[in-house]
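Contents: one structure, followed by commentary.
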Amino acid sequence: MKVLVTGASGFVGSALCAHLITKGHIVRGAVRRASDKPMPGLDVRVVSDLSANTNWSEALAGINAVVHCAARVHIMNEVSVDPLTAFRKANVKGTACLVQQAVDSAVKRFVYISSVKVNGEFTDGNPFRADDTPAPKDPYGISKWEAEQALRGIADKTDLEVVIIRPPLIYGPGVSANFLKLMQGIMLGVPLPFGAISNSRSMVALENLVDLIETCLSHPEAVDQTFLVSDGEDLSIKSLLQRTAVALGKPARLIPVPISVLWAISRLFGRTDFAQRLCGSLQVDISKTRDYLGWSPPVSVDKALAKTAKYFLSH
């Protein structure tokens, strides 16, 4: 199969390209700059920023399937004065532009990497299901939901086969952001005030996600479906830190600070979103993914954490 991967130099895109190549697929990667070359041997095409006017014709020539990983991603310190407009420009209009040109280029299947934020920000004992009514809260989640609708609106009028995947937190070799900061804290022996948190959060190892994406590229039961994905094991932040510490070969210095205190400090600094990510629960139910596709996560949490830690220590 000839596959175009957008965002091919990114965290997910580069891992996906490497995985698909090892599985015998012919892979083309779309990147923003000529210097963004994810790996030797990859057929690279430089494409401008995502927008309603992006020209995808060269990247799409001869392609059978597209995996759309590129996006304006959620960031903790947003600098745009109008985040929703900025997200819509890239994630909604940019996606619609790509989808329409994919149809014009006779692409058969389009796999869209969305986000669990389409479902919502947290759960309270009832995990999100793939077919729940979407309830995005922040500009990024709203843009991802609108992109899904735009994608389906075009596909419904054509023969394009659509698959949507909504991942939760993705981790693995080369992970950045908060996960990287937690590993750095463990390595430095910093006392972390999370010993009293007993929440439940679903995550997905990068290796598990790319395996599911490959499955969705060809599985007949994936067509026109939305899937949630996880490692199949939910962790509290306390357990995550303890098991990450084991993978790093360091002790986890966890202080049992009451959750009410953590929330109070977060409110004081205007960062309740940070407290929600650390203290709140976000669980997903992947039974539909298992039932429709016969898919199970091939890599365990501890094995994935070990690979993540090994990469971190070597870099």
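The values are calculated or read from the model by the stated rules, or taken from the named source; none is laboratory data. Small disclaimer: the values here were computed from a predicted structure and weren't measured. Heads up, the Cβs are rebuilt from the backbone with ideal geometry, glycines too, and the neighbour counts pull from every protein chain shown. For the accessible areas, the whole protein counts, side chains as well, though only heavy atoms, and no ligand, DNA or RNA atoms are used. Shrake-Rupley method; radii C 1.70, N 1.55, O 1.52, S 1.80 Å.
For the chain, the solvent-accessible area works out to 46 Å² per residue, with a probe of 1.4 Å and every protein chain left in place. Taking the three principal axes of the alpha carbon atoms in the range 265-315, the coordinate ranges are 47, 36, 13 Å, sorted in descending order. Surface composition of the range 177-315: carbon and sulfur atoms hold 56% of the protein heavy-atom accessible area at a 1.4 Å probe.
Here the relative contact order of the chain, from alpha carbon pairs under 8 Å that lie six or more residues apart, stands at 17 percent. Counting only Cα atoms, the chain measures 57, 40, 37 Å along its principal axes, largest extent leading.
The long axis of helix 301-314 is offset from the longest Cα principal axis of the chain by roughly 90 degrees. Of SER218, SER239, the order by accessible heavy-atom surface (1.4 Å probe, DNA, RNA and ligands excluded), from most exposed downward, is SER218, SER239.
With both residues required to sit in the chain, DSSP beta bridges show an antiparallel share near 5%. Packing, as the average of other Cβ atoms within 10 Å across residues, places the peptides 14-27, 50-63 in the order 14-27, 50-63, highest first. Here is the link list: LYS93/LYS288; LYS181/LYS250; LYS2/LYS89; LYS23/LYS117; LYS108/LYS144; LYS108/LYS157. Which ones come out longer than 19 Å on Cα distance? Violating the 19 Å limit, Cα to Cα: LYS93/LYS288; LYS2/LYS89; LYS23/LYS117; LYS108/LYS144.
Here's the picture: a label point sits 7 Å out from the Cα of GLU58 along the beta-carbon direction, and within the range 10-44 the residues with their amide nitrogen under 14 Å of it are 29-36, 43-44.
Taking only protein heavy atoms and a 1.4 Å probe, the accessible area of the range 71-155 is 54% carbon and sulfur. Specify the angular offset, from 0 to 90 degrees and rounded to the nearest 10, of the alpha carbon long axis of helix 259-268 from the longest principal axis of the alpha carbons in the chain. Between the helix axis and the principal axis of the chain, the angle is about 70 degrees. Placing +1 on the Cβ of every Lys and Arg and -1 on the Cβ of every Asp and Glu, with no other charges, gives the chain a dipole of roughly 940 debye about its Cα centre. LYS307 sits among other residues whose Cβ lies under 15 Å from its own Cβ, and their net charge, with Lys and Arg +1 and Asp and Glu -1, is -1.
Axis of helix 11-22 versus longest Cα principal axis of the chain: the two differ by about 60°, to the nearest ten degrees.
Along its three principal directions, the equivalent ellipsoid of the range 1-149 from the Cα gyration tensor extends over semi-axes of 27, 17, 15 Å, largest first. Between GLY189, ALA106, MET1, the Cα set farthest toward the positive side of the dipole of the chain (charges on each charged residue's Cβ, about the Cα centre) is that of GLY189.
List the trypsin sites (Lys or Arg not before Pro) in the range 135-192 that DSSP assigns to loop (not H, G, I, E or B) and whose Cβ has at most 16 other Cβ atoms within 10 Å. Which are they? Within the range 135-192, the qualifying trypsin sites (Lys or Arg not before Pro) (loop, at most 16 other Cβ atoms within 10 Å) are LYS137, LYS157.
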